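Working notes, structure below.
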Amino acid sequence: MTLDTAYLRGSIAGVYSILHHATCPENIVFHFITTHSHGAKLTRAITATFPYLNFHVYYFNTNLVKGKISSSIRRALDQPLNYARIYLADLLPAGVRRIIYFDSDLIVVDDVINLWSINLRGHVLGAPEYCHANFTNYFTSKFWSNPVFTASFKGRSRNPCYFNTGVMVIDLWKWREGKYTEKLEHWMRIQKRYRIYELGSLPPFLLVFSGDVEGMEHRWNQHGLGGDNLEGLCRALHPGPVSLLHWSGKGKPWLRIDSKKPCPLDSLWAPYDLFRYPSLFSDS
């Protein structure tokens, strides 16, 4: 997970939910990615909240993406730390093979070992896929009108589908072997020149991995609970079982709760909110 000042409250709720539902929480190792500017304070906040947590902190050099980020439809999506997931294989030790990447606006209501244990079947990345979504909407007309760009999807094991990058199981060894960080950076450079998408760090992942993702049960990412990226209106759960609730979108549960305008599903996040009192940082 990443740690930053605006999402610290969500990160702590997410960590607590993972520990609360784990059969063997002592076996879980957390890897937190943060920046130098607030890293020491954020690390102290984690230590104070979870004194016995097994965790490591890594500092992300924001200069790696400084010239590669293009503005998107929501300012929060443009923050350098939002792109740290592209560099996990470089940040974490070489001995760490498999990781679960989690966004900071989710809670787990199942034993995380069930997610950890999925068979990636040789794929680099596993995530719930949503093939009913209109895949064309994630890229601009400049992308679809360029045969060189669209050819990137040829040769995939199946047709590309949307997946949400807030929940991913990743084989870091295969990632390094395939030089996937470089492949993602390639599309970020193209974006700077041609403006082929509007949604921050998500589209490069779709361009590189869609059609070659190991699909997982949708229960592991009931996403979109924060509404869309513009208004953040209330939403209901998708049909089916739930192992993870994800407030992707503009509306974050802690902000809606504090503003006295919570959505019905925010009540499911509230029991994990260990920062009910004013936190070390402002959420504004």
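The values are calculated or read from the model by the stated rules, or taken from the named source; none is laboratory data. All figures in this text were calculated on a predicted structure; none of them were measured in a lab. Positions of Cβ are backbone-derived with ideal geometry, glycine not excepted, and every protein chain shown enters the neighbour counts. Heavy atoms of the whole protein, side chains included, go into the accessibility calculation; ligands, DNA and RNA do not. Shrake-Rupley method; radii C 1.70, N 1.55, O 1.52, S 1.80 Å.
Being among the hydroxyl-bearing types (Ser, Thr, Tyr), surrounded by fewer than 12 Cβ atoms within 10 Å (Cβ to Cβ) and assigned to a loop (DSSP other than H, G, I, E, B) is the filter here; which residues of segment 138-156 pass it?
The answer is SER145, and nothing else.
Spot the failing condition for ARG219; the list is (1) closer than 18 Å to THR140 by Cβ; (2) surrounded by fewer than 19 Cβ atoms within 10 Å (Cβ to Cβ); (3) charged (D, E, K, R), and only one is missed.
In the conditions (1) closer than 18 Å to THR140 by Cβ; (2) surrounded by fewer than 19 Cβ atoms within 10 Å (Cβ to Cβ); (3) charged (D, E, K, R), ARG219 misses (1) alone.
If you scan segment 157-178, which residues turn out to be in contact with a Phe, Trp or Tyr (Cβ under 9 Å, 6 or more places away or on another chain) and either surrounded by fewer than 16 Cβ atoms within 10 Å (Cβ to Cβ) or among the small types (Gly, Ala, Ser) (or both)?
Pass one, segment 157-178, residues in contact with a Phe, Trp or Tyr (Cβ under 9 Å, 6 or more places away or on another chain): 159-170, 174.
The answer is ASN159, GLY166.
Yes/no matrix, rows are residues, columns are (1) in a strand (DSSP E or B); (2) crowded, with 16+ Cβ neighbours inside 10 Å; (3) within 21 Å of the chain's Cα centre (by Cα):
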{"site": "ILE33", "(1), (2), (3)": "yes, yes, yes"}
{"site": "SER37", "(1), (2), (3)": "no, no, no"}
{"site": "LEU42", "(1), (2), (3)": "no, yes, yes"}
{"site": "HIS56", "(1), (2), (3)": "yes, no, yes"}
{"site": "LEU81", "(1), (2), (3)": "no, yes, yes"}
{"site": "ALA84", "(1), (2), (3)": "no, yes, yes"}
{"site": "TYR87", "(1), (2), (3)": "no, yes, yes"}
{"site": "ILE100", "(1), (2), (3)": "yes, yes, yes"}
{"site": "ILE107", "(1), (2), (3)": "yes, yes, yes"}
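For residues that are at pLDDT below 95 and aromatic (Phe, Trp, Tyr), scanning just segment 164-200, find the one that is nearest to LEU125 (Cα to Cα).
Within segment 164-200, the match that is nearest to LEU125 (Cα to Cα) is TYR197.
Among the residues of segment 179-193, is there at least one that is open to solvent by less than 30 Å² (accessible area, probe 1.4 Å) and touching a strand residue (DSSP E or B) at 6+ places or on another chain (Cβ under 8 Å)?
For segment 179-193, residues open to solvent by less than 30 Å² (accessible area, probe 1.4 Å) and touching a strand residue (DSSP E or B) at 6+ places or on another chain (Cβ under 8 Å): absent.
Kindly indicate whether any position in segment 248-264 is closer than 21 Å to HIS132 by Cβ, under 16 Å from the mean Cα position of the chain (by Cα) and surrounded by 19 or more Cβ atoms within 10 Å (Cβ to Cβ).
At the first step, the residues of segment 248-264 found to be closer than 21 Å to HIS132 by Cβ are 248-249.
Cutting the leftovers down to under 16 Å from the mean Cα position of the chain (by Cα) gives us 248-249.
Those left that are additionally surrounded by 19 or more Cβ atoms within 10 Å (Cβ to Cβ): 248-249.
Looking through segment 248-264, at least one residue is closer than 21 Å to HIS132 by Cβ, under 16 Å from the mean Cα position of the chain (by Cα) and surrounded by 19 or more Cβ atoms within 10 Å (Cβ to Cβ).
Under the condition of being of a type in the set (Asp, Glu) and assigned to a loop (DSSP other than H, G, I, E, B), which residue from segment 208-238 is farthest from TYR130 (Cα to Cα)?
Out of the qualifying residues, it is GLU231.
Considering only residues of segment 263-278 that are part of a loop (DSSP other than H, G, I, E, B) and either among the basic types (Lys, Arg) or modelled with pLDDT of 95 or more (or both), which is farthest from LEU244 (Cα to Cα)?
If we take residues in segment 263-278 being part of a loop (DSSP other than H, G, I, E, B) and either among the basic types (Lys, Arg) or modelled with pLDDT of 95 or more (or both), then ARG276 is farthest from LEU244 (Cα to Cα).
Please work out if LEU106 is of a type in the set (A, V, I, L, M) and touching a strand residue (DSSP E or B) at 6+ places or on another chain (Cβ under 6 Å).
yes
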